[in-house]
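Inspection log for the structure reproduced underneath, given as structure tokens.
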Amino acid sequence: MARVLYLGGLGRSGTTLVERLLGELPSVCALGEIVHLWQRDILDDERCGCGARFSACTFWKRVGERAFGGWSTVDVARVHALRDAVERTRHIPRLAKPSPEVLEYASFYTRVYRAAAEVSGAQVIVDSSKHSALAHVLRWADDIDLRVVHVVRDARGVAYSWTKTVTRPETDGTDEMTRYSPGRSALLWNAHNAAFGLLARRGVAVHRVRYEEFLADPRSALRELASYAGVPVAEADLGFLGDGHADLSVGHSAAGNPMRFTVGRLPLRRDDTWTVALPRAQRRLVGAVCAPMLRAYGYPLNPVSQEAS
Ligand SMILES: [Zn+2]
């Protein structure tokens, strides 16, 4: 049975960073955002984290052969139809029970996880798909050991990040990542984070990580995550972590944030740009919309640093 660490949370919360660091641990294999594998990799042949086109990456070629007898045999239209039928945030209430469609949709993912575990020899597979609805689907897969990591970041930092223009390098600069207005991302922040709270109440193992705390002490945070994932970590295994940086090796992330292509030194700095760059009116709006959950997660509603700077 494959053990799967599912990284969830609203985009721009730091899931890619957490995934990259987890991927450096022995016996952990990080796959990127598998939710996008069907379209971006199988159909569009975008680049793997290793730099090769998906179809040319040896790791993914082997995974596809084991999981499906080759990627060309996967009925992507069927995967998309199933996704539209079951994997939407508004469908989460219905996901309290499994339907045949839910089980069929989950089976596409579990075949990838199991094949990746066999090909890599890893004890733990990481999927950083983030979507809360997919986590609610995967809980019904009885052939995986699902452990969810819920990554939370201050809603105002998330909102600021969503206003920025970021190109997607895997499309060779022709495409940009989605942008949201602060009001829109505030609503999404509430919905997605609440959905992970519900997942925990439905009996799924959910471990919450705050982005800001993770970066304050990445070494301890990683140890804690490894322990949650059930993999032993020796001091030498954390040798890739330096003072304020990590040294990353090549990974095979299938899709996600551009950071998946980073090889070599990655600065581990908390990005607090929002405290000076997010206009005050928008900061107040997001703070008001997200106040109950910001408070519940222990975020100060009026950080002093923002007023001082
Ligand atoms: Zn690759």
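The values are calculated or read from the model by the stated rules, or taken from the named source; none is laboratory data. The model shown is predicted, which means the values in this text are computed figures rather than measured ones. Positions of Cβ are generated from backbone atoms using ideal geometry, with glycine treated the same way; all protein chains shown enter the neighbour counts. The area values use the complete protein model at the heavy-atom level, side chains included, leaving out ligands, DNA and RNA. Shrake-Rupley method; radii C 1.70, N 1.55, O 1.52, S 1.80 Å.
Name every residue in the range 262-272 that is within 15 Å of the ligand (Cβ to nearest atom) and open to solvent by less than 50 Å² (accessible area, probe 1.4 Å), in order of residue number.
Scanning the range 262-272 gives a single hit, Thr262.
Say we look at the range 205-257 and pick out the residues that are within 16 Å of the ligand (Cβ to nearest atom) and among the small types (Gly, Ala, Ser); which of these is surrounded by the fewest Cβ atoms within 10 Å (Cβ to Cβ)?
Per the criteria, the residue is Ser249.
Identify, please: which residue in the range 127-148 is of a type in the set (Asp, Glu) and assigned to a loop (DSSP other than H, G, I, E, B) and is, among those, nearest to Ala2 (Cα to Cα)?
Asp143
Among the residues of the range 111-127, is there at least one that is crowded, with 23+ Cβ neighbours inside 10 Å, of a type in the set (D, E, K, R) and out of contact with any Cys (no Cβ under 8 Å at 6 or more places or on another chain)?
yes
For a quick check of your reading of the model, give me the residue pairs whose first member lies in the range 48-68 and is without any contact (Cβ under 8 Å) to a residue 40 or more places away in the chain, whose second is near the ligand (Cβ under 9 Å from one of its atoms) and assigned to a strand (DSSP E or B), with beta-carbon atoms closer than 9 Å and at least 6 apart or on different chains.
Arg53/Arg47
For every residue, the table says whether it meets (1) at negative phi; (2) within 15 Å of the ligand (Cβ to nearest atom); (3) among the aliphatic types (A, V, I, L, M).
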position	(1), (2), (3)
Gly8	yes, no, no
Gly23	yes, yes, no
Gly32	no, yes, no
Gln39	yes, no, no
Gly49	yes, yes, no
Ala77	yes, no, yes
Ala81	yes, no, yes
Arg94	yes, no, no
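Can you say whether Cys57 is open to solvent by less than 20 Å² (accessible area, probe 1.4 Å) and closer than 29 Å to Gly230 by Cβ, as far as the supplied structure shows?
yes
Could we say that Thr73 is near the ligand (Cβ under 10 Å from one of its atoms), farther than 23 Å from Leu7 by Cβ, of a type in the set (S, T, N, Q) and open to solvent by 70 Å² or more (accessible area, probe 1.4 Å) here?
Here the answer is no, as Thr73 does not meet what is asked.
Filter the range 118-133 down to the residues that are closer than 19 Å to His36 by Cα and either of a type in the set (Phe, Trp, Tyr) or touching a strand residue (DSSP E or B) at 6+ places or on another chain (Cβ under 8 Å) (or both) and list them by number.
The answer is Ile125, Val126, Asp127, Ser128, Ser129, Lys130, His131, Ser132.
Against the conditions (1) assigned to a helix (DSSP H, G or I); (2) within 16 Å of the ligand (Cβ to nearest atom); (3) farther than 18 Å from His131 by Cβ, where does Glu19 fall short? Just the number, please.
(3)
Only one of these is charged (D, E, K, R) and within 21 Å of the chain's Cα centre (by Cα): Lys97, Lys130, Lys61. Name it.
Going through Lys97, Lys130, Lys61 in turn, the sole match is Lys130.
What's the number of the condition Ser99 fails, among (1) away from the ligand (no atom under 16 Å from the Cβ); (2) surrounded by fewer than 24 Cβ atoms within 10 Å (Cβ to Cβ); (3) under 14 Å from Ala254 (Cβ atoms)?
With respect to (1) away from the ligand (no atom under 16 Å from the Cβ); (2) surrounded by fewer than 24 Cβ atoms within 10 Å (Cβ to Cβ); (3) under 14 Å from Ala254 (Cβ atoms), Ser99 is out only on (3).
When you check Arg283 against the structure, is it more than 16 Å from the ligand (Cβ to nearest atom), touching a residue at least 40 places away in the same chain (Cβ under 8 Å) and not hydroxyl-bearing (Ser, Thr, Tyr), yes or no?
yes
Assess whether Glu65 counts as being within 16 Å of the ligand (Cβ to nearest atom) and surrounded by fewer than 19 Cβ atoms within 10 Å (Cβ to Cβ).
So Glu65 passes the test.
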